[in-house]
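Accompanying notes for the structure given below.
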Amino acid sequence: PADNKVTFDLLTNLQRSNTYHEEDQPAHLRIKPGMLSCPRDVSLQTYAGPEQRFCPASVYEYVNDTSGGADPSSSDAAKQKLVINAQNCIHCKCCSIKMPKEYIDWTVPEGGGGPQYQIM
């Protein structure tokens with residue numbers, strides 16, 4: 001848990017990084033064409049979804065798939081889907097390096113969006 005002296009909660013850290021992305025701009029993090037099943041079939045099944053742990057801004061999270069597309073008799077992992085919260089991205093590029101099968105296409109956001117670090 002955050003002690004607010006040395007460690008801070010996610011929202012405080014994002015606020016301090018001054019991260020900003022325009023609401024109407026296209027997402028700068030996308031699953032590469034032809035790799036849509038990779039998050040569920042490779043990352044989650046084989047590695048227990050490491051992106052939800054290594055991303056410092058919690059951009060990647062697996063949630064229950066309530067769309068009705070999951071087979072009720074399938075495993076718990078097959079009932080989950082990846083949600084990409086690109087608006088939280090602090091542009092550390094960790095996902096470009098550590099993502100199983102490198103299935104994320106990271107592009108520079110339009111309009112200079114992203115973190116606006118003030119004290120560096």
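Has region 40-51 got at least one residue that is part of a loop (DSSP other than H, G, I, E, B) and either open to solvent by 90 Å² or more (accessible area, probe 1.4 Å) or closer than 11 Å to A86 by Cβ (or both)? Give the derivation first.
Quick first cut of region 40-51, residues part of a loop (DSSP other than H, G, I, E, B) only: 48-50.
Okay, now just the ones that are also either open to solvent by 90 Å² or more (accessible area, probe 1.4 Å) or closer than 11 Å to A86 by Cβ (or both), so none.
Taking every residue of region 40-51 in turn, none turns out to be part of a loop (DSSP other than H, G, I, E, B) and either open to solvent by 90 Å² or more (accessible area, probe 1.4 Å) or closer than 11 Å to A86 by Cβ (or both).
Looking only at region 1-22, which residues are touching a residue at least 24 places away in the same chain (Cβ under 8 Å) and either open to solvent by 80 Å² or more (accessible area, probe 1.4 Å) or not in a helix (DSSP H, G or I) (or both)? Let's see the steps before the verdict.
Within region 1-22, the first condition is being touching a residue at least 24 places away in the same chain (Cβ under 8 Å), and the residues that meet it are 10, 13-14, 17-22.
Correct list: N18, T19, Y20, H21, E22.
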Complete set of residues in region 70-84 that are open to solvent by less than 70 Å² (accessible area, probe 1.4 Å) and at pLDDT below 90: A70, S74, S75, A77, A78, K79
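The values are calculated or read from the model by the stated rules, or taken from the named source; none is laboratory data. A quick note: this is a predicted structure, and the numbers were derived from the prediction, not measured. Virtual Cβ from ideal backbone geometry, glycine too; neighbours counted across all protein chains shown. For the accessible areas, the whole protein counts, side chains as well, though only heavy atoms, and no ligand, DNA or RNA atoms are used. Shrake-Rupley method; radii C 1.70, N 1.55, O 1.52, S 1.80 Å.
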